[in-house]
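In what follows, a single structure is set out as structure tokens and then discussed.
No value in this document is a laboratory result; all are computed from the given coordinates. Predicted model, so just to flag it, every value in this text is computed and none were measured. Ideal geometry is used to build each Cβ from the backbone, glycine not excepted, and the neighbour counts take in all protein chains shown.
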Amino acid sequence: MRRYAHFAAFIFITALSAAAQGQPVSLGGVNRFDASPAKGFNYPYYLYVPPTFFEAAAKGKERTILVLPNNTGKNDDDLAVHEADVMRRINQNSRFVSEVPIAILTPVFPRPAADWKTYTHALDRDTMTTAKVEKKDYARLDLQLIAMIDDARERMAKDSGLKVDRRVLMVGFSASGMFVNRFTFLHPERVKAAAIGSPGGWPIVPAASYKEKTLRYPIGVADMKSVTGSDLDLKTLRGVPMFIFLGDKDDNDSVVFDDSYDKEDRELIFPLLGEKPVDRWGAAREMYTAAGLNAEFKLYPGIGHTITLDVRNDILAFLKLHLGE
């Protein structure tokens, strides 16, 4: 089992205020909202709302939420461990928000040790399939995230009269990059734009087959309907800008680990697509282009599994471009 370092949230820093439970959305602070199974989510989430978010309300502008999926980097059955990591990373990451009038939502999803092969933070195949019956609390975390987004939108509309877009911006790196990548394919109608960094050695591709080999989820979309209940909405996905990036020295490859891919997936990926993440880069880009997706693939020279200042600035520019201000 591979444990991934979490780099995605480091670009977003903001002072952590007292967490609110069931209280009105706090101006310029971090709010904590409890799990609400009745509303469709079994775990808490955190919502940071900068003052600029409210200032635009008087102008009647529709606001946008940026979703940063959590990625603790390790398995633990104690949800408090994952929540502490979410709080710490929000506390660490701040100045980004001061440049953009955007709210930040981060779920507190579990990553179980007892069921270590269910890689929830990556929205892997087990999370989408076996969890339906056996692990109901973390079944369909993609739908739980949508319920959190809608809950946040409802709260902000009620408390401050804010109009918040149902489509979100998303950023993820490593395991959370896998989550963002896969969520965008599953729900393109809910994503305004997505920045996807080092997504586990292979981004899910908009193809059912490649060189006469079937590509099942999460390699491709051959069995997406049986896994998720719906086919790929390629037309809508084509309208979602994606920035997909990788360092050419990045050897952090989830394909080789059982918590991310099954043996049959490895036996297909290595001979068909390449032994290393950078070896597979061209094939992935080729399939995105062939499907007509609006995706920029960028390979950073000399960079391993990390986010440099140049990468951070590129992500920021991408989000500003697609914020719709």
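Taking +1 at the Cβ of each Lys and Arg and -1 at the Cβ of each Asp and Glu, which of 307, 243, 80 sits farthest along the dipole of segment 8-323 towards its positive end, judged by Cα position relative to the Cα centre? The residue sitting most towards the positive pole is 243.
Close amide H contacts of residue 41 (hydrogens built in the peptide plane, cut-off under 5 Å, sequence separation of 5 or more or a different chain): 36. Averaging the sequence gap over all C-alpha pairs within less than 8 Å and six or more residues apart, then dividing by the number of residues, gives segment 8-323 a relative contact order of 16 percent.
Computed about the Cα centre, the dipole magnitude for segment 238-325 is approximately 420 debye when only Lys and Arg (+1) and Asp and Glu (-1) carry charge, each at its Cβ. Fully extending the segment from residue 289 to residue 309, taken as 0.36 nm per residue of separation minus the present Cα-Cα distance, adds 4.4 nm.
Each peptide among 306-315, 105-114 gets the average number of other Cβ atoms lying within 10 Å of its residues, and from highest to lowest they stand as 105-114, 306-315. Our summary of shape: the Cα atoms of the chain have principal axis extents of 55, 40, 35 Å, ordered from largest down, in whole angstrom. Close amide H pairs (under 5 Å, H built 1.01 Å from N) link residue 298 with 244, 245, 246, residues at least 5 positions away or on another chain. Placing +1 on each Lys and Arg Cβ and -1 on each Asp and Glu Cβ, with no other charges, gives the chain a dipole about its Cα centre of roughly 740 debye. Computed over the chain, the per-residue total of -39500 (n - 2.57) for DSSP H runs of n ≥ 4 gives a 222 nm mean residue ellipticity of -10000 deg cm²/dmol, rounded to 500.
The H on the amide N of residue 67, modeled in the peptide plane, is under 5 Å from the matching H of 105, 169, 170, 171, each at least 5 residues off or on a different chain.
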